[in-house]
Structures are given as structure tokens and as C-alpha cells.
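To start, the structure itself, in C-alpha cells.
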Amino acid sequence: YALTLIDTLDALIVFEQYHELRRAVLWITHYWSSDIDENVSIFETNIRILGGLLSTHLFIANDRTLWSTAYDDDACIQSLH
């Protein structure tokens, strides 16, 4: 679940799903952990995690309004519970 969520962060920006972007960023920052004891494909994991995080960072770094949209915890905390 977490890999797919990270991988689709940039798509949420492209499709202007800002509420879902806030929820996804909040979920990732609060619940995601890379400390798992599983066999995973290093290549696929690197592409999905690094690709998703880097492309999302590029979108957010180039648009200050997206920064506040993605990291506005107060507006979104209740949607996780």
C-alpha cells in the first residue's frame, strides 16, 4: 500500500487532487516505515519510492501554494481518523 501511495503522489498533483495529496502526505509522514523484514525487489523499490518522492518534491518546490497544500496538517488530521 505505501509504495503505491508514494508512487502516485505526483499523479495527485497533476490531477489536482489536493485534498487526497494532503491525506497521503500526512499518512506517509506519520505511518510509513521502511523498516520491514521482507524480500523486495531493490530496483522496483528504488524506482517507485525515489521516483515518487523526487517528482513530488520537484512539483512542490516549484509552486509555493502546493507546499502549504501538501503540508497543512491542521486541515487534514481529522480525515485520517
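The values are calculated or read from the model by the stated rules, or taken from the named source; none is laboratory data. Computed from a predicted structure; not experimentally measured. Every residue, glycine among them, receives a Cβ derived from its backbone with ideal geometry; neighbour counts consider all protein chains shown. Ligands, DNA and RNA are excluded from the accessible area calculation, which covers all protein heavy atoms including side chains. Shrake-Rupley method; radii C 1.70, N 1.55, O 1.52, S 1.80 Å.
Quick look at the numbers
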item	result
Within region 37-55, considering residues that are touching a residue at least 40 places away in the same chain (Cβ under 8 Å) and under 19 Å from residue 65 (Cα atoms), the one least open to solvent (accessible area, probe 1.4 Å)	55
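Let's see how each residue does on (1) over 27 Å from residue 68 (Cα atoms); (2) open to solvent by 60 Å² or more (accessible area, probe 1.4 Å):
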{"residue": "10", "(1), (2)": "no, no"}
{"residue": "16", "(1), (2)": "no, yes"}
{"residue": "19", "(1), (2)": "no, yes"}
{"residue": "31", "(1), (2)": "no, yes"}
{"residue": "35", "(1), (2)": "yes, yes"}
